[in-house]
Amino acid sequence: MGVKYAEKGAERYVTGKIEPFDQKNEMFCRSVWDPKVADIGEKFYMEETPPKNQPGHRLFEQSLVNGAWHLENYYAAGCAGGRKGLYSWDRTGKYVYPNVPPGLKISVDNEKEVTSLIKKTASFYGASLVGICKLDRRWLYSSAYFLDPKGGKVAENNLPEELTNAIVMAVEMDYGSIMHSPSCIASGAVGLGYSKMAFTSGLLAEYIRGLGYQAIACGNDTACSVPLAIDAGLGEIARNGILITPEFGPRVRLAKVLTDLPLILDRPIEFGVWDFCRICEKCAKHCPSQAIVYGEPSDKINNISNREGVLTWHIDAEKCLSFWATNGNDCGNCIRTCPFNKPDGRLHDFVRWGIRTTPGLNRLFLWGDDIMGYGKERKADSFWGQA
Ligand code: SF4
Ligand code: SF4
């Protein structure tokens, strides 16, 4: 695409009118109400998953997943529509400690200082990356869907008009556990990512309310996170349908806080993902359900879970969730195998720099990634320190 497109943010991928997207058409919700995919939902949500006598799927590994999701499931539920617990839209009550009088508000004379306050606080609460953008309301869900496997509920998405900014946060998922995908060990990292999303954004929203401004914390609910993250300068869209960040590749989860607090906006970035994805198809090759497309990006959608008017590699979410239902836990092969998924290191920094500055060498970088054996699934016992 080229650096000149970066300034456009998510708009750089838009090819037509972005129609309002109803959250109930997102795959996790659809599998609850859409007869076309009801069998997937039945299997995914309703069938019990007994542990297997197989490394990565034993009871003590399944429990790792349950523990990791605990905070999201019981104190936030952003995956089920949000708006409660840590994702509550309102301040929950008066604090006895510290007993601050109500109605106080900071005056924003210097947006730069306030922005740096917010970014520092977000990282203090646990965000690995923080970016800020104008809230482009095209990416808001036209209505919300409160997911319940026994029957979901549609609700109005009546977000106050004054909320014009989005603070987008990425939380890093553990590299060592993601490398075990598609076993429960990797699912533990995913669950922990969701719990950290709720923790970090919920606390940040409460902090902003304490400054006298409105703030709504959201996980996967309320708005599509990826275009907002692109606008906020956190990364680029990739073939695997996930945001790729320069720091952690696709190994992040995204949360956001929507607010009326005046803030300085970040600039969108471009660091070579689009061009690299065009020659690399590792995620597609290693996708167990073949939900990721090969070849050039297109605006052709697979089903109603994709957004029309967007040029990208549209994931077939029906195939993806179908594999999860059979697997008994989620999958992160498209994160594990991605060449942008690397731990810290000078060599990796050098390759990332090369991808950004010399796309003509992308095939060489890809060849190196294969030769070095990156992205291979790790054996379960190596996680527990027994091998
Ligand atoms: S999560 Fe797994 S099944 Fe779904 S698209 Fe990624 S690799 Fe494929
Ligand atoms: S594995 Fe390759 S094609 Fe897939 S998202 Fe990563 S860089 Fe792009």
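Structure data summary
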{"read-out": "Estimated distance in nm for a label pair at ASP260 and LEU347, the labels positioned 7 Å out from Cα along Cα-to-Cβ", "value": "5.4"}
{"read-out": "Extension reserve of the ARG278-ASP381 stretch, reckoned as 0.36 nm per residue once the Cα distance is removed", "value": "33.6 nm"}
{"read-out": "Among GLY360, VAL310, PRO297 the positive-end extreme of the charge dipole of segment 284-387 (Cβ point charges)", "value": "GLY360"}
{"read-out": "Under 5 Å, built H, 5+ apart or other chain: amide partners of ASP299", "value": "THR312"}
{"read-out": "FRET efficiency, 1/(1 + (r/R0)^6) with R0 30 Å, evaluated for TYR294 and GLU42 via beta carbons", "value": "0.50"}
{"read-out": "Inter-part distance where segment 136-150 and segment 317-378 are each reduced to a Cα centre, Å", "value": "30"}
{"read-out": "Amide H contacts under 5 Å for HIS180, placed H, 5+ residues apart", "value": "ALA186, ARG378"}
{"read-out": "Computed [θ] at 222 nm, helices only, for the chain once each DSSP H run of length n ≥ 4 contributes -39500 (n - 2.57)", "value": "-10000 deg cm²/dmol"}
{"read-out": "HIS70 paired with GLU247, simple spin-label distance in nm, labels 7 Å along Cα-to-beta-carbon", "value": "2.7"}
{"read-out": "Intensity falloff of segment 3-377 expressed as log10 I(q)/I(0), Debye formula with alpha-carbon point scatterers, at q = 0.07, 0.08 Å⁻¹", "value": "-0.30, -0.40"}
{"read-out": "Peptides 263-273, 312-322 ordered by average Cβ neighbours within 10 Å, highest first", "value": "312-322, 263-273"}
{"read-out": "For ILE264, distant residues with modelled amide H under 5 Å away", "value": "THR115"}
{"read-out": "Residues TYR97, TYR175, TYR294, TYR87 arranged by fewest to most Cβ contacts within 10 Å", "value": "TYR97, TYR294, TYR175, TYR87"}
{"read-out": "Potential lengthening between GLU162 and LYS94 on full extension [0.36 nm per residue; Cα-Cα distance subtracted]", "value": "22.1 nm"}
{"read-out": "Nitroxide proxy distance, nm - points 7 Å out along Cα→Cβ at THR357 and VAL108", "value": "3.7"}
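Throughout, read-outs are computed from the coordinates displayed, never taken from laboratory work. None of these values were measured; they are calculated from a predicted model. Positions of Cβ are generated from backbone atoms using ideal geometry, with glycine treated the same way; all protein chains shown enter the neighbour counts.
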